[in-house]
Amino acid sequence: MRGNSAKEVKGMADTRVARITEVIAGSPKSFDDAIQQGFKRASKTLRGITGMRVLEQRISVENDKILEYRVRMEVIFVLED
């Protein structure tokens with residue numbers, strides 16, 4: 001995982017600061033499973049996840065067969081005080 005930016009998120013009564021980290025995950029099953037695996041792994045390390053955005057989808061192919069579905073995602077989480 002790689003952190004790459006932080007931004008301010010303003011609520012009604014308070015101000016919060018969020019950070020965006022990039023995650024790359026893969027699965028031999030599907031893009032959906034790759035997303036789930038990436039989220040599962042990010043949840044082990046990051047607290048306060050508020051959203052994710054899929055930036056890219058790729059497929060690894062060998063001998064005319066799909067080996068792996070890969071996703072590159074941004075994981076957005078609120079920084080703790």
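Structure notes:
- Applying the criterion of being over 10 Å from the mean Cα position of the chain (by Cα) and among the polar types (S, T, N, Q) to the residues of region 22-81, the residue that is surrounded by the most Cβ atoms within 10 Å (Cβ to Cβ) is Ser27.
- Residues of region 26-41 that turn out to be touching a residue at least 12 places away in the same chain (Cβ under 8 Å), farther than 22 Å from Lys65 by Cβ and of a type in the set (Lys, Arg), as a count: 1
- Region 51-72, residues that are in contact (Cβ under 8 Å) with a residue 40 or more places away in the chain and closer than 30 Å to Arg16 by Cβ: Val71, Arg72
Read-outs throughout are calculated quantities, based only on the coordinates presented, and are distinct from any laboratory measurement. Please read all numbers here as calculations on a predicted model, not as lab measurements. Counting neighbours? That spans all protein chains shown, and the Cβs are built from the backbone with ideal geometry, glycine included.
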